[in-house]
Amino acid sequence: MSPQPAPNGARRNPRRGRKLGPISDAARPRHRQWLEQVRAAYHASDLTFRQLAELSHWPRSKISELLRAVGRYPRWEITRDLLVTLGWIDHPLASMRRQWVLAAQEAHKRAAWITDCLDRAGDGLDSHHKPLDFTAFDDTHRAVYYAYASVFLREGDKSKQAVHKALLLLLILWDEALCSANLEQYAWDLLRQTVMEKTPHTDGHPALMESAFDTRALRAAVDPHAQITETLALFDALRRLAPAQLDVMVLRYLRGLSEDGVAHTLGLPLAAVRAAERHAKRHISAHLRTTNEEGHRGDLTP
């Protein structure tokens, strides 16, 4: 994977200024992997720092920090501009973008931060070529992903944006997803991370109170006050479940998927879905018993 030659007139100028320092020891392996390729292209280009700054339209201080992995993990905008200046185009650029995303994940960057960087650089979902198998996956799973996201985010735009960002990451990492042990699980992890980053949390658990007021039982209740008390207590127990149990219960009972549908969406064996549901019901029952014994009525103010 070799970059194209640097812009005409930019090569073979005598290299002036201080020598580029080494990569920081703080750089993680995936970060170091793509950065070594960029540094090699810089040395091969014969560009000075001044020329690189002028052509990429970024300050020399920022470029120096990026090339030495000093400070925070670099945003995709400056990384992409340097790559283009150094001659990366088309497929090689897409490969470097994938490596940048993997390194950002390794650096524990939030999914929202990664996708915002990509969108700001004009590398959103609609700008990418989509393989046929990805398009088929998207068509099959998008509606369920949106249904799941809307339980936690409620507002339509926020739910759609979360699903959009998760699918953007999946598209960029599609080769990794296909090579993973379980495509559905790989994709679901991206979707869940993206949704949970945007979901308000209380006491370390996702907030579900708004969804509690949008239930069939509450809408049909003869005694709304009593039903509110019961529903809030139930949803308070629900939100405290372990992640896998919560996902199964949300898909099964708030979005009406069959056991087979949940298993397919999450990439889990049917037996694992049934076990998660069984354990979830046990935990919910125990939580409700404790709540009743303590006279606590969930999040409802007396």
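Some notes on this structure:
- Heavy-atom accessible area ranking, 1.4 Å probe, most first, across L93, L132: L132, L93
- Distance (nanometres) between label positions extended 7 Å along Cα→Cβ at D119 and L183: 2.7
- Sorted largest first by accessible area at a 1.4 angstrom probe radius, with every protein chain in place, the residues R282, R30 fall in the order R282, R30.
- Average accessible area per residue (Å²) across the range 32-176 - probe 1.4 Å, nucleic acids and ligands excluded: 44
- Relative to the current alpha-carbon distance between T140 and A286, full extension at 0.36 nm per residue lengthens the span by 48.9 nm.
- Using a probe radius of 1.4 angstrom, the carbon and sulfur fraction of the accessible surface of the range 117-207 is 50%.
- Structure note, pairs K62/K158; K165/K281; K62/K130; K198/K281; K62/K160: Cα-Cα distances above 28 angstrom occur for K62/K158; K165/K281; K62/K130; K62/K160.
- Computed from phi, the 3J(HN,Hα) profile of the range 131-143 under the Karplus parametrisation 6.51, -1.76, 1.60 (θ = phi - 60°) reads x, 4, 5, 5, 4, 5, 4, 4, 4, 7, 10, 4, 4 Hz, with x in place of Gly and Pro.
- Solvent-accessible area of M196 with every protein chain in place, 1.4 Å probe, in Å² to the nearest 10: 30
- Heavy atoms of E65 accessible to a 1.4 Å probe, total area in Å² rounded to 10: 70
- Backbone HN-Hα couplings from phi across the range 83-95 [Karplus 6.51/-1.76/1.60, Hz, Gly and Pro as x]: 4, 5, 4, 8, x, 6, 9, 6, 4, x, 5, 5, 5
- Label-point separation in nm, T48 to E197, each point 7 Å along Cα→Cβ: 4.0
- Rounded to 0.05, the FRET efficiency of the R68 and E155 pair, given R0 = 35 Å and the Cβ-Cβ distance, is 0.25.
- Counting Lys and Arg as +1 and Asp and Glu as -1 over every other residue whose Cβ lies under 12 Å from the Cβ of P22, the net charge comes to +2.
- Taking the Cα centre of the range 52-137 as reference, the dipole from Cβ charges on Lys and Arg (+1) and Asp and Glu (-1) amounts to some 340 debye.
The values are calculated or read from the model by the stated rules, or taken from the named source; none is laboratory data. None of these values were measured; they are calculated from a predicted model. Positions of Cβ are backbone-derived with ideal geometry, glycine not excepted, and every protein chain shown enters the neighbour counts. For the accessible areas, the whole protein counts, side chains as well, though only heavy atoms, and no ligand, DNA or RNA atoms are used. Shrake-Rupley method; radii C 1.70, N 1.55, O 1.52, S 1.80 Å.
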